[in-house]
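**Student:** If you scroll down you'll find the structure; I have some questions about it.
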Amino acid sequence: MIRDAFAEALRRDPHKTRRWVVLVDGEPKQLRAVKTEARRAGVKVTILADIVHVIEYIWAAARALFGESNAKAEEWVEHRLHALLTGRSGGEVAKTIRWWEARHKKLDAAARAAIDKTCRYIADRTRTRLLRYKEALRDGLPIATGVIEGACRYVVKDRMDRTGARWSLTGAEAVLRLRAIRASKDFDAYWAFHLERDRERNHASRYEDGKIPDPLPAPKTRLKRVK
């Protein structure tokens, strides 16, 4: 899948003039695969952890500290998230979480395990480099995959995953390409292009000068009656 993604990116940017950004969930095997494919493609990539995954971990720690449905937990998560978005490192945020853990003396083993998991995730030396959100936002880079996931649901799942539907790979690919063009509001331009290419392929290319002869006979010159 990652190799396919890089192949598609190369197809779209064969001269490698754009900035390549890869959003990941931070799993080590995934990171290794991304770096391997980047080296294979000969491109420099900016790798960021999807902020939504980070928020999920912070929420797990918040629930461990404050319990479910606690208004204070939302405010607490907001402060940790703001710290990350404004340039604090994952290690610094993990220290604040540990400070709150130390204040809660009566946490059970499950709660402490959830906090440990969150701190390990955001403070990991390899992963903390993926949390440079302040720089990413400054440069106008995406920090979440929500737009992509939403497009996958709307463009792909809503059309393909219908009761009783059976698709061949070729047929599904054709339908999804048309659906993507329509969703992008490019259908009119595409259709004009399609008709022009169809005309060239099936008609103009059959004649040496590319000019299609008029299939109708030339109109006859009518003689004028002279009295």
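The values are calculated or read from the model by the stated rules, or taken from the named source; none is laboratory data. Everything numeric here is computed off the predicted structure, so don't read it as measured data. Cβ atoms come from the backbone with ideal geometry, glycine included; neighbour counts cover every protein chain shown.
**Student:** Scanning the stretch 3-50 for residues that are under 19 Å from Arg120 (Cα atoms) and not hydrophobic (A, V, I, L, M, F, W, C), which turns out modelled with the lowest pLDDT?
**Tutor:** Gly26
**Student:** Could you tell me which numbered condition His53 fails, if it satisfies all but one of (1) surrounded by 14 or more Cβ atoms within 10 Å (Cβ to Cβ); (2) farther than 23 Å from Gly146 by Cβ?
**Tutor:** (2)
**Student:** Which condition does Asp4 not pass, out of (1) in contact (Cβ under 8 Å) with a residue 40 or more places away in the chain; (2) under 20 Å from the mean Cα position of the chain (by Cα), if it passes all the others?
**Tutor:** With (1) in contact (Cβ under 8 Å) with a residue 40 or more places away in the chain; (2) under 20 Å from the mean Cα position of the chain (by Cα) applied to Asp4, the lone miss is (1).
**Student:** Among the residues of the stretch 1-24, which ones are of a type outside the set (A, V, I, L, M, F, W, C) and either assigned to a strand (DSSP E or B) or in contact with a strand residue (DSSP E or B) (Cβ under 7 Å, 6 or more places away or on another chain) (or both)?
**Tutor:** Within the stretch 1-24, just Arg19 meets the criteria.
**Student:** Okay, next question. Of these, Tyr133, Tyr190, which one is surrounded by 13 or more Cβ atoms within 10 Å (Cβ to Cβ), more than 30 Å from Gly90 (Cα to Cα) and at pLDDT 80 or above?
**Tutor:** None of the other options fit; the residue is Tyr190.
**Student:** Same structure again: Considering each residue of the stretch 119-144, count those that are farther than 19 Å from Arg80 by Cα and assigned by TED's automatic domain parsing to the domain that holds Thr86, and give that number.
**Tutor:** Looking only at that region, the number is 1.
**Student:** Between a residue in the stretch 207-227 that is closer than 18 Å to Arg197 by Cα and among the aromatic types (Phe, Trp, Tyr) and any residue that is at pLDDT below 70 and exposed (fewer than 10 other Cβ atoms within 10 Å of the Cβ), which pairs come within a Cβ distance under 9 Å, given they are 6 or more apart or on different chains?
**Tutor:** Short answer, once both residue conditions are applied: Tyr207/Pro213.
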